[in-house]
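Laboratory data are not the source of any read-out in this text; all were calculated from the coordinates shown. Owing to the predicted nature of the structure, the values given are computational and were not obtained by experimental measurement. Cβ coordinates were reconstructed from backbone atoms using ideal geometry, including for glycine residues, and neighbour counts include every protein chain displayed.
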Amino acid sequence: MALVDKKEMESLNKQIFPLYEGYIHNYLQLFVNIEDEVIYDDVGLSPYAPDEEGLYRKFNPIRENIHFNLYPDTIIDLQQDVGC
């Protein structure tokens with residue numbers, strides 16, 4: 001998500017969706033409340049890194065601690081959680 005934000009800011013004339021000054025500054029803002037340092041409750045997370053066997057089972061507790069240092073090769077899937 002941060003990489004998308006970086007690319008968007010580098011190419012202002014070719015943005016996927018426009019970012020609006022004062023309202024939406026970046027796409028990460030749609031998943032994380034930066035001021036309160038929390039991930040929104042309605043965002044589903046799957047933050048896993050490979051374990052010793054190479055299987056993605058090593059959990060990163062980023063919802064509990066947004067400053068957690070991610071394990072190497074972590075993949076974080078973000079999805080809207082509609083409460084179903």
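Full extension from residue 53 to residue 28: what is 0.36 nm times the residue separation minus their Cα-Cα distance, to one decimal in nm? Display every interim value, and only then the final one.
Working: separation 25, 0.36 × 25 = 9.00 nm, distance 3.12 nm.
Gain in length upon complete extension: 5.9 nm.
Among residues other than residue 37 whose Cβ falls under 13 Å from its Cβ, what is the net charge (Lys/Arg +1, Asp/Glu -1)? Kindly include the intermediate steps, with their values, before the conclusion.
Working: positive: 63; negative: 35, 36, 64.
Net local charge, residue 37 excluded: -2.
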